[in-house]
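Contents: one structure, followed by commentary.
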Amino acid sequence: MNKGNFHLWIIGAVMVCIGWIVFDMNRSGSSSGGTTSISAARTAKVPVLVEFYADWCGPCKAVGPLVDELAQELKGKAVVIRINVDEDPKLAREHGVSGIPVFIAYKNGRETAREVGGISKEHMRRLLGL
């Protein structure tokens, strides 16, 4: 290595490190299951209800079975998506989730309603407009 080219080697090494960091950040974000599932909210022809929850959350545990029941009852009329904030914290931040459970309703790809806390199945239907 020529002493005159030493600064070029340093610049090259820094660029490789920056490139690796950017590559690694993009790779970990693209493997998220939640990101794929919430894309349905933007493209669905039917209303979509997204619940952000966590397994350790008491109110989330209480409404979880209701959310599952609603998903079964509304098959073909609406889409119900559950996203665990511990498994996809980036997605939760992107959607402004600060408390859980939070329910976000979408129609035609746009957010139409949001409710934080444990709610009844009937309230979930109202969020969807059904």
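The values are calculated or read from the model by the stated rules, or taken from the named source; none is laboratory data. Computed from a prediction, not measured in an experiment: that's the story for all the values here. Cβ sites come from the backbone with ideal geometry, for glycine too, and all protein chains shown count toward neighbours.
For this structure, a couple of remarks:
- Among the residues making up region 50-68, none is over 11 Å from VAL85 (Cα atoms), touching an Asp or Glu at 6+ places or on another chain (Cβ under 7 Å) and either of a type in the set (Gly, Ala, Ser) or outside the structural domain of LYS121 (by TED's automatic domain parsing) (or both).
- Qualifying residue in region 66-80 (condition: among the charged types (D, E, K, R) and either modelled with pLDDT under 90 or closer than 18 Å to GLY109 by Cβ (or both)): yes
- Boolean, ILE104 is of a type in the set (A, V, I, L, M), within 12 Å of ALA41 (Cβ to Cβ) and touching a residue at least 24 places away in the same chain (Cβ under 8 Å): yes
- Test: residue in region 98-112 that is among the acidic types (Asp, Glu) and touching a Phe, Trp or Tyr at 6+ places or on another chain (Cβ under 9 Å): no
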